[in-house]
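Beneath this line is the structure, given in structure tokens, with notes to follow.
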Amino acid sequence: MTDKLALLDQLPSAADFYRLYWNRRPFVVRGAVRAEVMEELISGEELAGLAMEEAPQSRMVRTAGAQQNWSCDFGPFLEESFTKAGERDWSLLVQHVEQFHPETSLLLRSFNFAPRWLMDDIMVSFSAPGGSVGGHIDSYHVFLVQGEGKRRWKIGREAILEENYIADIPLKVLSEDFVGDKVEVTCGDVIYVPPRFAHEGTTLESALTYSVGFLGPKLSELFSGYAQYLAEFEDLDQRYVGAGLDEGSAGFMLDSSAVDSLRQSFVEPLTSEDFPQWLVEFFTASSHEDFGQYSEREEMLYDDEFEGELKDGASLIKPEYIKFAITAAPEGGFALGFDSQSFSLDEKLFPLVQMFMKEELVNSKSYPDLFAHPAYLEFLLELYNHQALEFA
């Protein structure tokens, strides 16, 4: 183990994580995830079942022989796809497993030291001995949680700024070897890989790996997303009318005053109170095409039904796979984002929202003021009817 791949005794605090993050330090934590949590996660058989369905995004990578001959097929798969795969040199990968197997989302509680508002999904892979997807990089940070079995990982020592891939194969596999450190992991171990650090895993014993990935949006995506948001509101989507121009911009000349005026027209929307409101919407939108529609549940409740359930002793909880994002509002209170929607809330609601963010049970005993204000129940009913909350 070199001084670049840190070996920690336990998952870091938020302060320690960001120190490692900003210093670009990969790390390994032995036995970081408790056995009782690991037992709840999706099994290999269940993962294969998911890969045979339409909605989950799945792929199977076969790695026998030279890397130039590796193959990648996309699901949904048939049962015979797995019987024909053999006992070596293949991997099955399924995206957004936390959405389809809620017990797997329990894993997210282990990562509250990291920005969960940036969390994208949990990708789960089952791989036979020899299985790999080759050396590759991710543009975001990722935690690799080892389930059953054993894998050997090679983790790069420095970020790769310009990567080259093997041509003419349906996988982004680095064409050149990279300098790195090797580590073997077993059930409950966690590896943290910073953005753009090369890494390559090879299966020693049939293994499950749970990859907790975080968003890394490009500036162009942020600009584009905010532009779409502005376009929805006539009072926000102001036209540029050449305010402040003078004779220096006559004809075909954009002088410095014109450039400054145009630049300011970009700056003003970014400094408005609508910008943080949009941010919590942007970072809670799902990257899965079938999610993120702010969809209503099939059996919605009305005010009296909802209040009756709570008065009868029911508890509400936010499932782990539901992503919230909050930020302070410029003029007091705060904005809560969920599923690409946002709510402007009074600060007196913050303790209630905080309980949900901790995935704690909320009922009239844990939160005595639950029935103190009608606005509380209206807000909770809105979240419940749009599947952000569930009765426990």
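The values are calculated or read from the model by the stated rules, or taken from the named source; none is laboratory data. Predicted model, so just to flag it, every value in this text is computed and none were measured. FYI the Cβ positions are ideal-geometry reconstructions off the backbone, even for glycines, and counts take in every protein chain you see. The area values use the complete protein model at the heavy-atom level, side chains included, leaving out ligands, DNA and RNA. Shrake-Rupley method; radii C 1.70, N 1.55, O 1.52, S 1.80 Å.
Summary table
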item	result
Spatially proximal aspartates and glutamates relative to Lys150 (Cα-Cα < 19 Å; intrachain offsets below 8 disregarded)	Glu36, Glu39, Glu40, Glu45, Glu87, Asp89, Asp181, Glu184, Asp189, Glu200, Glu205
Cα-centred dipole magnitude for region 1-128, charges only on beta-carbon of K, R (+1) and D, E (-1), debye, nearest 20	820
Accessible-area value, Thr271, 1.4 Å probe, nucleic acids and ligands omitted, Å²	110
In Å², nearest 10: area of Ser105 left accessible to a 1.4 Å probe	0
Within the accessible area of the chain (1.4 Å probe), percent carbon and sulfur	49
Of every Cα-Cα pair in region 293-363, the percent that sits beyond 18 Å	52
Estimated 222 nm signal from helices in the chain, with DSSP H stretches of n ≥ 4 weighted -39500 (n - 2.57), rounded to 500	-7000 deg cm²/dmol
Solvent-accessible area of His101 with every protein chain in place, 1.4 Å probe, in Å² to the nearest 10	30
Spatially proximal lysines relative to Lys311 (Cα-Cα < 30 Å; intrachain offsets below 8 disregarded)	Lys323, Lys348, Lys358, Lys365
Accessible solvent surface per residue of region 269-355, calculated while the other protein chains remain in place, 1.4 angstrom probe, Å²	52
Using alpha carbons only: equivalent-ellipsoid semi-axes of region 229-301, gyration tensor based, whole Å	40, 12, 11
For region 348-392 versus region 140-166, the gap between their alpha-carbon centres in whole angstrom	39
Extension reserve of the Leu78-Ala227 stretch, reckoned as 0.36 nm per residue once the Cα distance is removed	49.4 nm
Mean separation of Cα contacts under 8 Å, 6 or more apart, over the residue count of the chain: relative contact order %	15
Cα-Cα separations in the chain greater than 41 Å, expressed as whole percent	25
Low-density loop cleavage sites - chymotrypsin sites (Phe, Trp or Tyr not before Pro) in region 241-312, where at most 15 other Cβ are within 10 Å (DSSP)	Phe252, Tyr294, Tyr302
Alpha carbon convex hull of region 163-233, volume per residue in cubic angstrom	182
